[in-house]
Amino acid sequence: MESKELRDAAKTLVTQAEKAIENGDAEQCEKLIAEATENISKADALDTAKSNIKHLTDMWGEDMVQKIPVASEDVKVYNPDDSTRKIKANYKPATWIKGLPAAAQPLWTQEQMGDNLKEEAKIQQDAFLTWMQAPSEDYFWKNANPDFIKAMQEDSDAEGGYFVPELFLNNTIHDEGVPTGMIRGACTSIRVSSKDGYMPTLGSADWGEIAEEASYTTQESTPTIGQVTFAIKKSGGMIRTSRELLDDSAVNLPSLLAQIFAEAAGQFEDKGILNGNGTVNHTGIIQGGSADYLTASNTALAAADIFGIFYTLNAQFRGNATWVIPSIISKEINSINATSAGVHSVNDLNTPPASFLLGRPVINNDVTGNGMGSGMVASSDIGIFGDFRNYYLFDRMGFTVRRNDSLYMQNDQVGFFGTRRGDGKPGLTDAFKVLKCAA
């Protein structure tokens, strides 16, 4: 029976109940009313079921079963740009990192995740901006809307802080090379889920001629097995700002703090990658055991020095190698035979210096404390040439920013604390050569 028929029957029953009560038959009246009520309930249930069926049909279409991404193979055929499928609203791509909120997922993951998750990420970012710019923490909690309070409570760390979304940092930093330093892009980055751990290494096997019907023992070998260990270390910084700056919103404070923290963290990381001692920072390439290549002179570079370190690095590493040298050493290289015949780096003063050296990219790093000398000085390290894909960065967490309104109250200031946790180590020391001045 259709819902309309049930409702019409209910109306008839109500009319009969009215006549029964006029005749003084209360018992019959109650029976008719109960039956009418039951018909109306059935009609409502039918209408609700029809509405749900229509909603599901519109939402998924005819090929619903084939298109819901329930496994990695299904994800491959799922089209994230198809906005007609509402299943996309809560879709988490294969690159989704478990345990991180939507706003803290990598950019490529945020581009593919569902509409609901994108809205959730936007709320989290807006909540952080509002919290950062609030005159005080109490003011934020008293005036924030429920969505902001929910976002702050769900995504706060164990010390009551707030995990800064990666998207926020990438949107506010004007130079994409600054947030993670100059060298990170050439290295291999791995996100880890524990404080300590290791990555196994495996040496090569022997391979050679075996005579017909001869034993394999002539080419038997046991690959050397080792490991690269990591121990997550903490680094950070603190910035104090005046209450007036927060009250007057003279600058975009979240953007400013993100930029300052990111630049400082990037420089600290660069020093660790190049010259860290493995105790308070990463294990650096210079101190990590990579072999040196000595220049012929300690007063000037020659083209033979550049060719020498280039070909001293094993061929399997040269194809993806990168030069990391101070700007002052780039000047020395570009000055080779500048006033005489021979090999030249710059043809004339109208031609900008190349960003490549012997076909491989050059990164000029001038961070104080990177372990490289400021010029041609006897026995000083002046550059690194190697395949930086064999340098591993173990990231435990991204940036955490915490705010304290009371610690510096006597000066009417607010403290912001930035923290980052990670480690770094060269995986293969043979993948790098250190250019060193002669003694």
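The values are calculated or read from the model by the stated rules, or taken from the named source; none is laboratory data. Predicted model, so just to flag it, every value in this text is computed and none were measured. Cβ sites come from the backbone with ideal geometry, for glycine too, and all protein chains shown count toward neighbours.
Annotations for the structure displayed:
- Lone unmet requirement of (1) surrounded by fewer than 19 Cβ atoms within 10 Å (Cβ to Cβ); (2) touching a Phe, Trp or Tyr at 6+ places or on another chain (Cβ under 8 Å) for Gly418: (1)
- Qualifying residue in region 201-212 (condition: surrounded by fewer than 11 Cβ atoms within 10 Å (Cβ to Cβ), of a type in the set (Phe, Trp, Tyr), in a loop (DSSP other than H, G, I, E, B) and over 26 Å from the mean Cα position of the chain (by Cα)): yes
- Region 355-365: number of residues that are farther than 17 Å from Lys433 by Cα and surrounded by 14 or more Cβ atoms within 10 Å (Cβ to Cβ): 0
- Residue, surrounded by the most Cβ atoms within 10 Å (Cβ to Cβ), within region 301-328, restricted to residues that are more than 20 Å from Ala378 (Cα to Cα) and not hydrophobic (A, V, I, L, M, F, W, C): Thr322
- Segments classed as strands (runs of 3 or more DSSP E), wholly inside region 360-439, with at least 3 members that are closer than 30 Å to Thr130 by Cα and modelled with pLDDT of 85 or more: 413-426
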